[in-house]
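This report refers to the structure that appears directly beneath it.
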Amino acid sequence: MTAMSFEGATVFLPGEIAETTVCVEDGAIVEIGGPLQGEVIDARGLILAPALIDVHGDAFERQVMPRPGVFFPMETAVLETDRQLAANGIATTYHSITLGFEPGLRSVERGREMIAALRDLAPRLTVENRVQLRWETFATEAIDVLDWAMDWELTPSLAFNDHLSMSMRSGDTAIQDRLFEHDPDYALMDLEDDALFEARHRKHAERAGLDYGAFHALIREVWERRPTVPAGIGEVATRARARGVPMLSHDDTQARTRSFYRSVGADVAEFPMTMGPTQAARDAGDTIIFGSPNAVRGGSHIGSLSAADMVEDGYCDVLASDYYYPAMLAAVDRLDRERRADRLTLWSLVSAGAARAMKLEDRGDIAVGKRADLVLVDWPEGHTPAIRGTWVKGRAAYRAHPAG
């Protein structure tokens, strides 16, 4: 790979912003502030920053199933998603692939198909496509796929999800008020309350391609597994620890929930809903992730914690795309306009902080010896930023040349 230099950019370095030269060779950053080497990229008037790292994104589902029940070929979906990532400055991504008990979009079979496609298509992809194994903890049928996927050369992450218990809470319990899912006092809905059950599960049934009766029967069957779920979590976590897989808990509402998952090795809190688990995570030194759309929209769409407030108050280490890839850059922009933190701190939420959370020590900063995962950003004062170029290991994954 030939040498390359970025000239004239405003560079986001660890601890400072400076106008300097950055030189790249053989996929790594080799010099900062030295003479130009190899191909020279004119970056005057632009920002050169570490490329984005997305630790949780499921926007790919819109390529897999663009309309309810309408599935597209997996290779088409993967190739299109990869290009969207590059155009949004994301050089490393963790696709949140649900391995659940439902048929359809979030089934074990569909998840395995996508993981296999990502592995097989890797030579044709422009960015580094990794996997977050978004495991629904009641889905015992996913255990074999979890084992298979955790042995991938590109180490995945593992997120513990329990959307079933969440949907089975009592009718008078707000989603943010529910107890630790395996607390003996967890308030449960009346399974004979058809109106409540249908209201809670209608969208899930549509996603699974099942009618109401079939989905109701499936939920009843899977719910019978509840007594064995904590032990299953412990078993899967043991296998993940042995492979060095980063582990996350999802949508925590209680400090006890965070403590339980930390006890099995999940030291990352993903989208905590209330201050209890958030404060518990901060006190224990756990990593805390919030969603970028939350920050862009000015709050959570379901009434949970404000990502912007958490950034300002020091309770957020990482911002993820969640369900919309452009939200990462847009979140940095809005938080910058609102003066929630300085620009370097904000940028670290989508780069260095994410790298630390996923134990990716070779990227996330512009520093000598790091991977040359870089973005050029056009960010005029008072206007929305846009990606002008994305490089992965010094290789151009995306270049934009605006008409003006």
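The values are calculated or read from the model by the stated rules, or taken from the named source; none is laboratory data. As the structure is a prediction and not an experimental result, all values here were calculated from the model. Here the Cβ positions follow ideal geometry from the backbone for every residue, glycine too, while neighbour counts run over all protein chains shown.
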Legend entry - In the range 162-211, the residues that are assigned to a helix (DSSP H, G or I), among the hydrophobic types (A, V, I, L, M, F, W, C), within 21 Å of Arg225 (Cα to Cα) and in contact (Cβ under 8 Å) with a residue 24 or more places away in the chain: Leu164, Met166, Ala208
Legend entry - Unique match (being over 18 Å from Gly89 (Cα atoms), buried (at least 23 other Cβ atoms within 10 Å of the Cβ), of a type in the set (A, V, I, L, M) and at pLDDT 95 or above) among Ala341, Ala372, Ala327, Ala357: Ala357
Legend entry - Breaking point among (1) assigned to a helix (DSSP H, G or I); (2) in the same structural domain as Ile29 (by TED's automatic domain parsing); (3) not aromatic (Phe, Trp, Tyr), for Ala355: (2)
Inset, instruction - Can you work out which of the residues in the range 9-57 that are free of Cβ contacts under 8 Å to residues at least 40 places away in the same chain and crowded, with 16+ Cβ neighbours inside 10 Å is farthest from the chain's Cα centre (by Cα)? - result: Gln37
Legend entry - The one condition in (1) more than 27 Å from Phe71 (Cα to Cα); (2) part of a helix (DSSP H, G or I); (3) out of contact with any Asp or Glu (no Cβ under 6 Å at 6 or more places or on another chain) that Pro277 fails to fulfil: (3)
Legend entry - Per-region count, the range 1-29, residues on the phi > 0 side of the Ramachandran plot and out of contact with any Gly (no Cβ under 9 Å at 6 or more places or on another chain): 1
Legend entry - Residue among Ala49, Ala59 that alone is under 30 Å from Leu248 (Cα atoms) and part of a loop (DSSP other than H, G, I, E, B): Ala59
Legend entry - Any hit, the range 149-161, residues being closer than 23 Å to Tyr325 by Cα, in a helix (DSSP H, G or I) and in contact with a Gly (Cβ under 8 Å, 6 or more places away or on another chain): no
Inset, instruction - Check whether at least one residue in the range 106-113 is at pLDDT 95 or above, touching a strand residue (DSSP E or B) at 6+ places or on another chain (Cβ under 6 Å) and over 30 Å from Asp317 (Cα atoms), and report yes or no. - result: yes
Inset, instruction - Would you mind telling me which numbered condition in (1) modelled with pLDDT of 95 or more; (2) surrounded by fewer than 19 Cβ atoms within 10 Å (Cβ to Cβ) Gly100 fails? - result: (2)
Inset, instruction - Go through (1) on the phi > 0 side of the Ramachandran plot; (2) at pLDDT 95 or above and name the single condition Pro272 misses. - result: (1)
Inset, instruction - Take Ala91 and decide whether it is modelled with pLDDT of 95 or more and over 28 Å from Thr253 (Cα atoms). - result: yes
Inset, instruction - Check whether at least one residue in the range 241-249 is surrounded by fewer than 16 Cβ atoms within 10 Å (Cβ to Cβ), modelled with pLDDT of 95 or more and under 15 Å from Asp162 (Cβ atoms), and report yes or no. - result: no
Legend entry - Only listed residue being closer than 22 Å to Pro50 by Cα, in contact (Cβ under 8 Å) with a residue 60 or more places away in the chain and charged (D, E, K, R), chosen from Asp333, Asp322, Asp317: Asp322
Legend entry - Residue check, Ala307 surrounded by fewer than 22 Cβ atoms within 10 Å (Cβ to Cβ) and of a type in the set (Gly, Ala, Ser): no
Inset, instruction - Please name all residue pairs, on different chains or six or more residues apart, with Cβ atoms under 6 Å, provided the first residue is in the range 235-257 and is under 20 Å from Ala284 (Cβ atoms) and the second residue is β-branched (Val, Ile, Thr) and in a strand (DSSP E or B). - result: Leu248/Val268
